[in-house]
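Take a look at the structure set out below.
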Amino acid sequence: MHDPDAAYTARGVHGQTVYIDPAAEMFLMRFAAHPVAANAANDPYSLPA
């Protein structure tokens, strides 16, 4: 993420996301099953969340 907390993410093609922020001791996981297997199709809905 290139931020001061050294946060990082992993994304799946059906909308799954893992976000880890070690400095904040925060872990977020989003389970998803978008019908279109492409990040470009899912980004307008997934990234703002």
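The values are calculated or read from the model by the stated rules, or taken from the named source; none is laboratory data. It should be emphasised that the depicted structure is a prediction, and the values quoted were computed from it without experimental measurement. Every residue, glycine among them, receives a Cβ derived from its backbone with ideal geometry; neighbour counts consider all protein chains shown. For the accessible areas, the whole protein counts, side chains as well, though only heavy atoms, and no ligand, DNA or RNA atoms are used. Shrake-Rupley method; radii C 1.70, N 1.55, O 1.52, S 1.80 Å.
The table that follows gives values for the structure above.
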quantity: Residue that is most open to solvent (accessible area, probe 1.4 Å), among those in region 22-46 that are in contact with a strand residue (DSSP E or B) (Cβ under 7 Å, 6 or more places away or on another chain) and modelled with pLDDT of 80 or more; calculated: Phe27
quantity: Residue count, region 1-34 (criterion: assigned to a loop (DSSP other than H, G, I, E, B) and not small (Gly, Ala, Ser)); calculated: 12
quantity: Lone unmet requirement of (1) exposed (fewer than 14 other Cβ atoms within 10 Å of the Cβ); (2) at pLDDT 80 or above for Gly15; calculated: (1)
